[in-house]
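These notes concern the structure reproduced below.
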Amino acid sequence: MDEIETGRPEESLIGHSMAIQRICDQLRKAAPTELPVLITGESGTGKDLAAKVLHDSSTRRTGTFMKLSCPTLLDQTFQRAFLGYEKDWLARTSPGRTGQVGPSDGGTLFLDKIDELDIALQPKLLYALQDSQAGKLGSVDRNLKNIRLICATGKNLEANVIKGTFRSDLYYRINVVNIRMPPLRERLSDIPILMDHFIRMYIDRFGGKITPLSPACSRMLMSYYWPGNIRELENVAKRFVILGGEEHILSAIRQPDEIRPVWPEVIDLTTPLRVQTKRALLHLERKIILGVLEAHKWNRRETARSLDISYRALLYKIKEADLSLGSATSPSSSEASPAAFDEKPRKNCRN
């Protein structure tokens, strides 16, 4: 199984779904290049983690990794990050301050929420990217700092370009390599692996013992929409470890009638209706197939007959819905239920 390590266990991209394997492959190919990378995805999908993986898997791993949040980025901070300040100039203008501020030459600069970069700073960033000759403040030296740029956004930058709030020329400069982090609902088979990882991590931190989740609780985890993605899942695992008892998990992911809608509770203003509708329908279809599979104890031929579809069509839909975890074994097997955390190894992405 593929794995890309970033130094700490909690900073590994964990999972065995096709979606996470695709991300690992893209990160592995992009890491050794010097090209700008734009990481997109919903909140909580791990964009920061992907940026750190890119840095730690590159030849710049010994350099500085510096993250700046664009909504709070000021002109002076921008100058320091890309150009630095000469020691003599700093000593004359700011007594007691010496050296450069920002990532060192050979490091990586990560600009988070690039869609909120001030319009006045956008041409400066464009200039830094397109021209290797840029002057340092207080110096006649025209060499731009040697920095690898990675940007991230949870918004549709193309829509911002159309609205005129983001420069089109800058968009094409930073969007050389585009990596989309999938939402958790697109990598459902990774949920038990991630839950196991977070439970073990917080048990090590706060104490306690590992208690396998019941099949009913595991099914709830697999059928929930996860609008907060991995960050929300981690919080649920943390609550389970600290408070104990599955009721603290179920209360966090179900409505009073124990039914969750198949559409997100927060309206997505950037995704076309046809895309959102397709996602909702796929989620509903997955829940139906999962229910029928469980009713027939994961007998796929009986399930296909009940659904009045061909066996081959069912296999395709099982793969498309990422349901292969349960179908691989009988329900009596320890691997049939995502709840069997003690008997499942954690799978990561490795170089």
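Coordinate-derived values only; no laboratory data. Owing to the predicted nature of the structure, the values given are computational and were not obtained by experimental measurement. Every residue, glycine as well, gets a Cβ built from its backbone with ideal geometry; the counts of neighbours run over all protein chains shown.
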Tell me, 296, 283, 55 in order of fewest to most beta-carbon neighbours within 10 Å? 296, 283, 55
Once each part is reduced to its C-alpha centroid, what is the distance from the stretch 147-176 to the stretch 51-66 in angstrom? 22
Can you pick out the pairs among 155/278; 47/113; 52/238; 209/238; 67/124 whose Cα atoms lie more than 21 Å from each other? 52/238
Ranked from fewest to most other Cβ atoms within 10 Å of their own Cβ, 309, 289 fall in the order 309, 289
Sort 176, 241 so the one with the fewest other Cβ atoms within 10 Å of its own Cβ comes first. 176, 241
Estimated FRET transfer efficiency when R0 is 22 angstrom, pair residue 127-residue 35 (beta carbons, to 0.05): 0.75
